[in-house]
Ligand code: NI
Ligand code: MN
């Protein structure tokens, strides 16, 4: 799978001929000013929760690609009703759906979720993907939670996206434990360095994961890696 990091929690994955985007927050991100969102391809856009730093560019990228927005029920309704965008799919925690590229399960995240105007945006979630090219977990914004131990009971992960920036989500110490809970030794760090509250020491982060035989990947914004 080809994975491209677009900064903050925004990641893009190509699974076969399907383009999947997570949590697009690009145009307001000064660190991603070299990314031109009109070049981003998406068949599906998965949104972990309603916060602005996860949905800011979702509608424009969805419209330009005729992409399906997948998120919790409240966010699904918001795009349908507030934005008249109906190419959407609702998923709630514990639920799975077979898409054309593979199966996605919606799982718990410990965080909050509101829209930019402050209204309720359901519960925050993560997503577990099972595809013919490999399995992975996109955690979204979350604290470390024992619920993560449920994931490997059902899915053997090849890699995972975990937040590591602390303050709003898990920090490095907890993310190292999360990697053990999900039984995955290849982690792509997200949700760090975007704002002053979440600046990390990348070298220290890599060493903390390496001490538990886990590889922490921190691609540059705009960089693609193949896993
Ligand atoms: Ni958030
Ligand atoms: Mn966030």
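Before moving on, here are some points about what is shown:
- Rounded to the nearest whole angstrom, the semi-axes of the ellipsoid equivalent to region 139-225, taken from the Cα gyration tensor as √(5λ), stand at 20, 14, 12, largest first.
- The chain: projected area of the alpha-carbon convex hull, averaged over directions, in nm²: 10.9 nm²
- DSSP beta bridges in region 2-59 [antiparallel fraction, %, rounded to 5]: 75 percent
- Length-normalised contact order for region 84-139 - Cα pairs under 8 Å, 6+ apart - percent: 27 percent
- Per-residue ellipticity at 222 nm computed for the chain from its helices equals -5000 deg cm²/dmol, with DSSP H segments shorter than 4 residues left out and the rest contributing -39,500 (n - 2.57).
- Alpha carbon convex hull of region 1-123, projected area averaged over orientations, nm²: 7.3 nm²
- Debye equation applied to the C-alpha atoms of region 40-83, log10 I(q)/I(0) at 0.20, 0.23, 0.26, 0.31 Å⁻¹: -0.56, -0.75, -0.96, -1.30
- Whole-number percent relative contact order across the chain, with pairs defined as alpha carbons under 8 Å at least 6 apart: 18 percent
- Compactness of region 106-187, taken as the C-alpha radius of gyration over 2.2 N^0.38 Å, stands at 1.10.
- Region 1-53 and region 142-217: distance between their alpha carbon centers, rounded to Å: 19 Å
- Label-to-label distance, residue 227 versus residue 17, with points set 7 angstrom from Cα along the beta-carbon direction: 2.6 nm.
- DSSP-defined antiparallel bridges as percent of all bridges, the chain, nearest 5: 60 percent
- Comparing 84, 108, 19 in a Gaussian network model of the chain, where Cα atoms under 10 Å apart are tied by springs, the biggest mean-square fluctuation is seen for 84.
- Gyration tensor verdict on region 81-151 (Cα atoms; rounded if a/c is under 1.5, prolate if a/b is larger than b/c, oblate otherwise): oblate
No value in this document is a laboratory result; all are computed from the given coordinates. Everything quoted here is computed from the prediction, not taken from an experiment. FYI the Cβ positions are ideal-geometry reconstructions off the backbone, even for glycines, and counts take in every protein chain you see.
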